[in-house]
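Rule-based calculations on the coordinates, nothing more; no lab input. Quantities reported herein were computed from a predicted structural model and do not represent experimental measurements. Here Cβ is always computed from backbone atoms with ideal geometry, including for glycine, and neighbour counts include all displayed protein chains.
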Amino acid sequence: MEDAVPTLQIDNERVRVTHWRFVPGASTGYHRHEWDYVVVPLRDGILRLVEPAGTREVTLEAGVSYARPAGVEHEVINANAFEFAFVEIELKS
C-alpha cells in the first residue's frame, strides 16, 4: 500500500494546514490527532476509515467541510479508483 502524500502549507503557533493527496489505495497510516481539526475535501469521493471500533467508509463531497476533536485515532485510505485530495486544518490554540 502506498503512503498518502502530505504537503505542509502553513505551520505557525495557531494552525497547521496540510494538503493531503492519495492515489487509489493510499493510506495515511494509523495515527492520533493532537489537535481539533477541520477537513475540506477537494473532490467527491469515498474514504475508508480504520478506527478502534472497526472499519467504515464515508462519502465526502467537494467543498463540504467537517470537524473532529483532538484525540481521534484512525487510518485513512482512499477507497476510490481515482486520486483523492483534501485540505486538513489543525487548530493548535
Q.
For the range 27-50, give me each residue that is basic (Lys, Arg) and farther than 14 Å from PHE84 by Cβ.
A. ARG32
Q) Can you name every residue in the range 72-93 that is over 19 Å from TYR30 (Cβ atoms), part of a loop (DSSP other than H, G, I, E, B) and among the aliphatic types (A, V, I, L, M)? A) ALA81
Q: Report yes if some residue within the range 6-26 is of a type in the set (Phe, Trp, Tyr), within 20 Å of GLU83 (Cβ to Cβ) and in contact with a strand residue (DSSP E or B) (Cβ under 7 Å, 6 or more places away or on another chain); otherwise report no.
A: yes
Q: Within the range 19-71, work out how many residues are in a strand (DSSP E or B), loosely packed, with under 14 Cβ neighbours inside 10 Å and small (Gly, Ala, Ser).
A: 2
Q.
Based on this model, can you work out whether TYR30 counts as of a type in the set (Ser, Thr, Tyr), touching a residue at least 24 places away in the same chain (Cβ under 8 Å) and closer than 15 Å to ILE77 by Cα?
A. yes
